[in-house]
Amino acid sequence: MRRRKTGSLERKKGLYGYLFTAPFIVGSLLGVVYPIVLSLVYSFGNLVPQDVGYRIDFVGFQNYSDLFTVDPDFLRQLVETLQRTLLKVPVAIVFSFFLACVLNSEFPGRGFARTILFMPLILFSKPVEILLSKDTLSTQMASKSADASVMISERFVSALEEAGIGEGLMNFLTASVDNIGNLLYISVIPTIIILAGLQSVSRSLYEASYVEGATAWEVLWKISLPMISPLLLVSVIYCVIDSFTGVENVIINRVSYECFTAFRFGSGSAVAWSYIVVVLAIVGIVFAIANRFVSYDN
């Protein structure tokens with residue numbers, strides 16, 4: 001009897017679980033899976049409007065072939081996107097790590113500083129951007145801020161030139177300064193992830209290492225980094241995907257234009273799926289490389 005009651009209770013719990021997750025499952029199937037499959041079908045054809053609805057004239061791989069052999073912009077845009085990601089992600093990860101280290105240390109006003117950390121998520125969000133764009137005062141302030149940013153960038157470049165910095169490093173540093181707002185935005189989530197990892201490291205490890213005479217630099221490289229390396233990998237993957245799917249991404253904007261402005265759903269879907277395959281390949285490569293430096297023996 002006890003086994004029957006236990007089995008009945010487990011089945012009832014399972015049924016309740018499916019019942020509570022049913023809205024999410026149905027919503028995912030209708031709002032995510034179905035559009036994805038439909039876009040894949042569209043990529044192999046051209047949509048022709050009809051008096052009622054539309055029809056699909058299938059052209060096979062012609063849309064993909066035109067994209068890589070005829071289109072003069074796609075490969076250039078793809079290379080620019082890869083270069084931007086290669087520039088942005090390392091800077092964001094390093095910035096997030098050291099910011100998390102600062103926020104993990106003891107100092108007056110630490111709670112207020114952690115609260116300020118979330119401000120970029122609010123200030124750079126799309127609803128706030130729309131509201132500010134309708135406000136004349138905010139628009140003028142944004143214009144003044146942009147002029148000030150240009151002035152700062154020019155002075156920064158002059159300082160680098162006077163210091164004799166090489167052209168490659170100068171371009172890297174100036175690009176990082178120009179994208180400081182986007183850098184702050186993309187660094188918020190990785191900083192929170194890394195901060196959570198640092199807080200999970202036992203204080204006894206740090207105390208024992210300092211008792212043995214380890215320096216702060218040795219503690220950083222031999223304790224902190226190995227202990228949070230899995231979360232660093234998560235942060236890297238997050239930054240890569242966020243860079244590839246950001247609203248400023250030229251290919252994302254092109255997909256939006258092709259499908260919802262020019263109504264070329266076939267070519268737009270081909271661009272989207274080609275880009276998805278490239279992004280998944282890049283994420284796989286990044287994961288394979290970064291995973292070699294991750295320590296799971298924590």
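Results for (1) assigned to a helix (DSSP H, G or I); (2) touching a residue at least 12 places away in the same chain (Cβ under 8 Å), shown as yes or no for each residue.
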site: Tyr210; (1), (2): yes, no
site: Gly213; (1), (2): no, no
site: Val219; (1), (2): yes, yes
site: Met227; (1), (2): yes, yes
site: Leu232; (1), (2): yes, yes
site: Ser235; (1), (2): yes, yes
site: Val240; (1), (2): yes, yes
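When the residues of the range 94-110 are narrowed to those that are assigned to a helix (DSSP H, G or I) and more than 13 Å from Ile192 (Cα to Cα), which ends up modelled with the lowest pLDDT?
My answer is Arg110.
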Review point. Could you say whether any residue in the range 242-258 is more than 26 Å from Asn63 (Cβ to Cβ) and aliphatic (A, V, I, L, M)?
Key: no
Check your understanding: Quick check: is even one residue across the range 84-97 under 26 Å from the mean Cα position of the chain (by Cα) and loosely packed, with under 12 Cβ neighbours inside 10 Å?
Key -> yes
Revision key, fill the gap. Scanning the range 269-291 for residues that are of a type in the set (Gly, Ala, Ser) and at pLDDT 90 or above, the one surrounded by the most Cβ atoms within 10 Å (Cβ to Cβ) turns out to be Ala270
Review point. Which of the residues belonging to the range 177-197 are modelled with pLDDT of 85 or more and out of contact with any Cys (no Cβ under 7 Å at 6 or more places or on another chain)?
Key: Ile189, Thr191, Ile192, Ile193, Ile194, Leu195, Ala196, Gly197
Check your understanding: If we keep just the residues of the range 18-36 that are surrounded by 10 or more Cβ atoms within 10 Å (Cβ to Cβ) and of a type in the set (A, V, I, L, M, F, W, C), which is farthest from Asp66 (Cα to Cα)?
Key -> Ala22
Check your understanding: Within the set of pairs 6 or more residues apart or between chains, which connect a residue that is within 17 Å of Val247 (Cα to Cα) inside the range 81-95 to a residue that is among the β-branched types (Val, Ile, Thr) and modelled with pLDDT of 85 or more with Cβ atoms less than 7 Å apart?
Key -> Thr81/Val250; Thr81/Ile251; Thr85/Val240; Val89/Val236; Val89/Val240
**Study point:** Residue count, the range 269-298 (criterion: part of a helix (DSSP H, G or I) and without any contact (Cβ under 8 Å) to a residue 24 or more places away in the chain)
**Key:** 9
Exercise for review: Answer yes or no: is there a residue in the range 46-53 that is modelled with pLDDT under 90, assigned to a loop (DSSP other than H, G, I, E, B) and of a type in the set (A, V, I, L, M).
Suggested key: yes
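Please verify whether the range 63-74 includes one or more residues that are polar (S, T, N, Q), in contact with a strand residue (DSSP E or B) (Cβ under 9 Å, 6 or more places away or on another chain), within 13 Å of Ser269 (Cα to Cα) and in a helix (DSSP H, G or I). Reasoning before the result, please.
So the first thing to find is which residues in the range 63-74 are polar (S, T, N, Q), and the list is 63, 65, 69.
Keeping just the survivors that are in contact with a strand residue (DSSP E or B) (Cβ under 9 Å, 6 or more places away or on another chain) gives 63.
Of the ones still in play, those that are also within 13 Å of Ser269 (Cα to Cα) are 63.
Retained after the next criterion (residues that are in a helix (DSSP H, G or I)): 63.
Scanning the range 63-74 turns up at least one residue that is polar (S, T, N, Q), in contact with a strand residue (DSSP E or B) (Cβ under 9 Å, 6 or more places away or on another chain), within 13 Å of Ser269 (Cα to Cα) and in a helix (DSSP H, G or I).
From the list Ser243, Ser235, Ser200, exactly one residue is farther than 30 Å from Val41 by Cβ, crowded, with 17+ Cβ neighbours inside 10 Å and hydroxyl-bearing (Ser, Thr, Tyr). Which is it?
Testing whether each residue is farther than 30 Å from Val41 by Cβ, crowded, with 17+ Cβ neighbours inside 10 Å and hydroxyl-bearing (Ser, Thr, Tyr) leaves just Ser235.
The values are calculated or read from the model by the stated rules, or taken from the named source; none is laboratory data. In this text, all values refer to a predicted model and were calculated from it rather than measured experimentally. Cβ sites come from the backbone with ideal geometry, for glycine too, and all protein chains shown count toward neighbours.
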